[in-house]
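Inspection log for the structure reproduced underneath, given as structure tokens.
Nothing in this text is a laboratory measurement; each read-out follows from the coordinates by a stated rule. Fair warning: this is a prediction, and the values are worked out from it, not measured in the lab. Backbone-built Cβ (ideal geometry, glycine too); neighbour counts: all protein chains shown.
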Amino acid sequence: MKSPNAFDRPWVLAITKLKERLEEPVQWYPFPAMIGFMLVMILGGHLLTDLNPRLGARVDVLPLDAPRHQDGGIWLGIYEDNGRINVVTSDRKKFSWPSNTENLESIEPLINYLKRQTHHESFSMALKMESSLTKITAVIAIDQRLKYAHLKPLIFALSSAKITRYGFETRIIN
């Protein structure tokens, strides 16, 4: 008869193999978690910039006590940078012209954009068989450092695109 050996038992052998496996250094273990974390960060970054169209527009609007209204369909942020008037839209399009311009051809791309937007909104409302003036209302966020002379080309562009309803965005004080 053989003498009983501790290594003859299957559970002792399994624990010994587990111990040997756990003693080996494993360098890859954080990478699956890092890949998932990085994907969440990248997708979250894209989602956050799409949620708020005002993000990235350097417009400092006037703080006034104002009631909350429904947002209009066309948001425009206007500010001055390096002697040029910049207009940023809600879908991140950017239009620019010199601040002292008298030439209305420089705002032609903005006029064409506004015409396309009103046409698109009107067409989608017709397909849905609904009518809403807020869809074709322009909400203009104007930097408080601008003068009225800087706004004349923008107001001309709105009238050229046949946008008759517009309002100015303010920062609501709570």
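Would you list which lysines come within 25 Å of LYS135, measuring only between C-alpha atoms, while excluding same-chain residues fewer than 8 positions from it?
LYS93, LYS94, LYS115, LYS152, LYS162
For region 64-174, rounded, prolate or oblate, judged on the Cα gyration tensor with a ≥ b ≥ c (square roots of eigenvalues), a/c < 1.5 rounded, else prolate if a/b > b/c?
Details: a/c = 2.29, a/b = 1.24, b/c = 1.85.
Oblate is the answer for region 64-174, as a/c is 1.5 or above yet b/c matches or exceeds a/b.
Karplus couplings for region 104-117 from phi (6.51 cos²θ - 1.76 cosθ + 1.60, θ = phi - 60°), rounded to Hz, Gly and Pro as x?
Working through the residues one at a time gives 7, 5, 6, 9, 4, x, 5, 4, 4, 4, 5, 5, 5, 5 Hz.
State, to one decimal in nm, how far the label point of SER106 lies from the label point of TRP11, with both points 7 Å from Cα in the Cβ direction.
If labels sit at SER106 and TRP11, their model points lie 8.6 nm apart.
Give me the net charge for the shell around HIS150: Cβ to Cβ below 13 angstrom, other residues only, Lys and Arg +1, Asp and Glu -1. Could you put the intermediate results ahead of the total?
Working: positive: ARG84, ARG145, LYS147, LYS152; negative: GLU80, ASP81, GLU102, ASP143.
Charge balance near HIS150 sits at 0.
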